[in-house]
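*Asks:* Sharing a structure below in structure tokens format, with a few things to ask.
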Amino acid sequence: MTDIVSAIEERILRRTSKSKADALADVSGDARDGKSQSKPNKADAAAAVEAIKRETAQAAVEQISNGDSKAQIKQPVRDAIIKAAQLAREAETTARKRQHGKGKHTARERLDLLFDADTFEEMGRFSGGNINKGKAGSAVVTGFGKIYGRMVGVYAQDFSVRGGTIGQAEGLKICHLLDMAMQMKVPVVALIDSGGARIQEGVAALTQYGHIFRKTCQASGFIPQISVILGPCAGGAVYCPALTDLIIMTKENSNMFVTGPDVVKAATGETISMDELGGGYVHNAQSGVAHYLGEDEADAIDYTRTVLAYLPSNSDEKAPTYAYASGHAEHEAAKRLKTIVPANDRQPYDVLEVIRAIVDYGEFVQVQELFAQSAVVGFACISGKPVGIVANQPNVRAGILDVDASEKVARFVRLCDAFNLPVVTLVDVPGYKPGSDQEHAGIIRRGAKVIYAYANAQVPMVTVILRKAFGGAYIVMGSKSIGADMNFAWPTSQIAVLGPTGAVNIIHRKDLQKAKEAGQDVEALRSKLADEYEASTVNANLSLEMGEIDAMIDPEQTREVIEESLAMLASKRRVSHSDKHHGNQPL
């Protein structure tokens, strides 16, 4: 009986969710595709339901006649199954009305945007519900589907059901989904739209958050995890996405904060809106909590699909490779490199032009584009193989490293290392940003994160110095001494402890003072000494002689050299450190 009932239920639910002209759609009067439909009368509805009952009962009879000894028909179809199917349709109709009025998609519409067509398989559709009492299920949808042909797990919070709040049923479903994803070794996407913990369940709801936190931490670094914030995410709930690899938000309807505007006003007297406190722009441009700001839900979900295309399904696999054949366009792009970087080291340029000239099809997917813009990080392909790109951005504060840029670079390098993506670093850095604000903000601790990330990374790492590489910032930006496998430099590169002017002010301080006292032209002397220092010291020669630079390359060779280096390093293997539990990262 159980097997037949399951088969009937699956058949009805499949008809219910996918057919635009089935009988149950007529019963509910739902217009899935937005077209007007005439409302059926009760007789038609009853006839439609009876037709389904006859059809499913006949299928069961045929199953027995074909020799299935396990099939036992005590009841052709339970009324509860029909009621459940109707309930599912009605719940989605209600969800559309509530969500569309707020300019948002329903949970299942979001799943349609996320997955390849007809690949999503839901788990526990009615878990946490009560069919007899008309409750369709819990406030979260879980299951698996395919993105570009690869399996991905998802949990999507349904704000139309009890405000998308998390209770025991929702927590159990999410934890089960995470357990299965780890067993299957596939990524997980969380579509967040929730009012937080379900107050009515008290501590039981809070306990579920603890379980979800723990499962998310267990999955961290093993399977990619991406959170897409498509509504409110407040209180303790914010730490679920904060523990994942990437957070994606939208310009509207997307908010994250530990304490909301009302609590802030009560505690501090400050009046602030939800968007000002924790909107998509705030977390993308100011706090650095989020990694992409979507124009709308469709854009945010499309970015999620794109990023997953660059990542492997788990840490045991390599990233997927894509067919690619270089042609005339790549050669023309390589020629442009000489003209992109100015000879004058004080003149800015856009490093994105350099990146697009060396990656496949010029396609570069930025991560945290609006945050710490003196550094650029993101995904690209070189000869069909995904890589992570890290670069200084001379167009923004000369590409200097500060507390935010350090955080941005460190976290991205750690992400690449966790999921076997080679790291290509393009260096043009004048040093760390000076000032009391930086010291007080923890530049020592946060700058150390970059060191820790590069020094512990075991993926192939290739570094190219485009122009300036000064002081400690040069060392931390993927230098050979910190662990990079191959380092190259353009002829325009300047490698030194300090830039010419800064070095002269220290080395020739007394000479400059004497010239000033003697009434001589101090600036002319400083310029002369700086030129001499630059010619003798601020170049790649010493680094070449020490083996810190493997070769001086023509800018046109950059893509070719990176490609050859990555091919050579493809067999690089990780070294395990079984003599310690883990390092103590400067958090």
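Read-outs: derived from the displayed coordinates by stated rules, not from any lab. This structure is a prediction, so every number in the text was calculated from the model and none was measured. All Cβ positions, even for glycine, are placed from backbone atoms using ideal geometry, and neighbour counts span all protein chains on display.
*Asks:* Picking from ILE147, PHE126, LEU114, whose Cα lies most toward the positive end of the charge dipole for the range 102-317 (charges on Cβ: Lys, Arg +1; Asp, Glu -1)?
*Replies:* PHE126
*Asks:* Nearest 5 percent is fine: what portion of the DSSP beta bridges confined to the range 374-452 is antiparallel?
*Replies:* 60
*Asks:* Another question about this same structure. For a quick protection proxy, order the peptides 402-414, 511-523 by their average other-Cβ count within 10 Å, most packed first.
*Replies:* The packing order, highest mean first, is 402-414, 511-523.
*Asks:* Something else: Tell me, what ³J(HN,Hα) does each residue in the range 306-313 have, in order and in whole Hz, if you take phi through Karplus 6.51 cos²θ - 1.76 cosθ + 1.60 with θ = phi - 60° and put x for Gly and Pro?
*Replies:* Going residue by residue, I get 5, 4, 4, 5, 8, 9, x, 6 Hz, with x marking Gly and Pro.
*Asks:* How large is ³J(HN,Hα), in whole Hz, for each residue of the range 396-407 in order, when computed from phi with the Karplus curve 6.51 cos²θ - 1.76 cosθ + 1.60 and θ = phi - 60°, using x for Gly and Pro?
*Replies:* 10, 6, 6, x, 5, 8, 10, 4, 6, 4, 5, 4
*Asks:* To two decimal places, what compactness ratio does the range 311-434 give when its Cα radius of gyration is scaled by 2.2 N^0.38 Å?
*Replies:* 1.10
*Asks:* Please give the charge dipole size of the range 118-198, origin at the Cα centre, charges +1 on K and R Cβ atoms and -1 on D and E Cβ atoms. Round to the nearest 20 debye.
*Replies:* Charge dipole of the range 118-198: 140 debye, to the nearest 20.
*Asks:* Given the pairs LYS335/LYS408; LYS146/LYS185; LYS185/LYS251; LYS146/LYS318; LYS102/LYS251; LYS385/LYS572, which span a C-alpha to C-alpha distance of over 23 angstrom in this model?
*Replies:* Among LYS335/LYS408; LYS146/LYS185; LYS185/LYS251; LYS146/LYS318; LYS102/LYS251; LYS385/LYS572, the Cα-Cα distance tops 23 Å for LYS335/LYS408; LYS185/LYS251.
*Asks:* Can you list residues whose amide H is under 5 Å from GLN458's amide H, if they're 5+ apart or on another chain and H is modeled 1.01 Å from N?
*Replies:* Excluding prolines and chain starts, which carry no amide H, there are no hits.
*Asks:* For the charge dipole of the range 270-328, defined by +1 on Lys and Arg C-beta atoms and -1 on Asp and Glu C-beta atoms about the Cα centroid, which residue among LEU311, HIS283, LEU293 has the Cα displaced farthest towards the positive pole?
*Replies:* It is LEU311.
*Asks:* Return the sequence-ordered ³J(HN,Hα) values of the range 102-112 in whole Hz as given by the Karplus equation 6.51 cos²θ - 1.76 cosθ + 1.60 applied to θ = phi - 60°, using x for Gly and Pro.
*Replies:* These are the phi-based 3J(HN,Hα) values: 9, x, 10, 7, 7, 4, 6, 5, 5, 5, 4 Hz.
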